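**Student:** The structure under discussion is supplied below as structure tokens; questions concerning it will follow.
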Amino acid sequence: MAIDVREVLADPTQGGAYFVDAREGESLADAARALGYAVVRIDLAHRADKTAVLQRFAQALRFPAWFGGNFDALADSLGDLSWLRADGYVLLVEHSDAWRQADDDNFAALLDILNEAAVTWGDQGVPFWTLMLLPQEQLDKLVI
């Protein structure tokens, strides 16, 4: 039986941060757009530290000027998104593996924040997904 990805994306209780095959990114984005979701690509290529990663999130999500550039501010901003109103949210995070390998503690903290945002939005009935797009060979090596 084939799974309809739109049914999965539409369930706010299933949202969170997930590692997925990068080859599926465009079809997932299309499914999310069909549901009326905001789809935001966040490219972490050449992002070597937490500050640079936070800047990339802020740019991609068009955070307001009051964004403080730290994890607390990221959590606050992801919990608001009043400037980016949508029926749901899908963040497609590309090229995250190099930063994950270089700074696993901060990467884990980022995943916690993204998962907390998904719970917060899910409690309001709004799906929130972060899809960490990785090549299949990197997915095969992941130890979570």
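**Student:** Taking region 114-139 only, how many residues are over 10 Å from the mean Cα position of the chain (by Cα) and under 21 Å from ALA32 (Cα atoms)?
**Tutor:** Within region 114-139, the subset over 10 Å from the mean Cα position of the chain (by Cα) is 116, 119-127, 134-139.
With under 21 Å from ALA32 (Cα atoms) added as a condition, the list becomes 116, 119-127, 134-135.
Summing the residues that are over 10 Å from the mean Cα position of the chain (by Cα) and under 21 Å from ALA32 (Cα atoms) in region 114-139 gives 12.
**Student:** Does LEU81 satisfy being in contact with a strand residue (DSSP E or B) (Cβ under 8 Å, 6 or more places away or on another chain) and either assigned to a loop (DSSP other than H, G, I, E, B) or under 17 Å from ALA45 (Cβ atoms) (or both)?
**Tutor:** Values: in contact with a strand residue (DSSP E or B) (Cβ under 8 Å, 6 or more places away or on another chain): yes; either assigned to a loop (DSSP other than H, G, I, E, B) or under 17 Å from ALA45 (Cβ atoms) (or both): yes.
When the stated conditions are applied, LEU81 passes them.
**Student:** Please determine, by comparing only the residues of region 41-77 that are closer than 23 Å to GLY122 by Cα and in contact (Cβ under 8 Å) with a residue 40 or more places away in the chain, which one is surrounded by the most Cβ atoms within 10 Å (Cβ to Cβ).
**Tutor:** Top of the filtered list is ILE42.
**Student:** Can you tell me how many residues within region 62-84 are more than 28 Å from LEU142 (Cα to Cα), over 16 Å from the mean Cα position of the chain (by Cα) and not hydrophobic (A, V, I, L, M, F, W, C)?
**Tutor:** 4
So that you can scan it fast, the table gives a plain yes or no per residue for (1) out of contact with any strand residue (DSSP E or B) (no Cβ under 6 Å at 6 or more places or on another chain); (2) outside any helix (DSSP H, G or I); (3) farther than 14 Å from LEU114 by Cα:
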{"site": "VAL8", "(1), (2), (3)": "yes, no, yes"}
{"site": "SER27", "(1), (2), (3)": "yes, no, yes"}
{"site": "ALA45", "(1), (2), (3)": "yes, yes, yes"}
{"site": "THR51", "(1), (2), (3)": "yes, no, yes"}
{"site": "ALA58", "(1), (2), (3)": "yes, no, no"}
{"site": "PHE63", "(1), (2), (3)": "yes, yes, yes"}
{"site": "TRP66", "(1), (2), (3)": "yes, yes, yes"}
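**Student:** Based on this model, can you work out whether ASP87 counts as at pLDDT 95 or above, out of contact with any Ser or Thr (no Cβ under 7 Å at 6 or more places or on another chain) and either in a helix (DSSP H, G or I) or surrounded by fewer than 19 Cβ atoms within 10 Å (Cβ to Cβ) (or both)?
**Tutor:** Values: at pLDDT 95 or above: yes; out of contact with any Ser or Thr (no Cβ under 7 Å at 6 or more places or on another chain): yes; either in a helix (DSSP H, G or I) or surrounded by fewer than 19 Cβ atoms within 10 Å (Cβ to Cβ) (or both): yes.
Yes.
**Student:** Can you tell me which of TRP121, TRP99 is surrounded by 16 or more Cβ atoms within 10 Å (Cβ to Cβ), in contact with a strand residue (DSSP E or B) (Cβ under 6 Å, 6 or more places away or on another chain) and touching a residue at least 24 places away in the same chain (Cβ under 8 Å)? Can you show your working first?
**Tutor:** Numbers: TRP99 fails: in contact with a strand residue (DSSP E or B) (Cβ under 6 Å, 6 or more places away or on another chain).
Step by step, each of TRP121, TRP99 is checked, and only TRP121 is surrounded by 16 or more Cβ atoms within 10 Å (Cβ to Cβ), in contact with a strand residue (DSSP E or B) (Cβ under 6 Å, 6 or more places away or on another chain) and touching a residue at least 24 places away in the same chain (Cβ under 8 Å).
**Student:** Ok, one more. Whether any residue in region 125-134 is touching an Asp or Glu at 6+ places or on another chain (Cβ under 8 Å), modelled with pLDDT under 95 and surrounded by fewer than 17 Cβ atoms within 10 Å (Cβ to Cβ) is what I want to check.
**Tutor:** no
**Student:** Restrict the check to region 47-62 and report whether at least one residue is among the charged types (D, E, K, R) and at positive phi.
**Tutor:** Within region 47-62, the first condition is being among the charged types (D, E, K, R), and the residues that meet it are 47, 49-50, 56, 62.
Still in the list and also at positive phi: 62.
Yes, region 47-62 contains at least one residue that is among the charged types (D, E, K, R) and at positive phi.
The values are calculated or read from the model by the stated rules, or taken from the named source; none is laboratory data. Just so we're clear, the structure is a prediction, and the values are computed from it rather than from any experiment. Please note: Cβ atoms are built from the backbone with ideal geometry, for glycine as well, and neighbour counts cover all protein chains shown.
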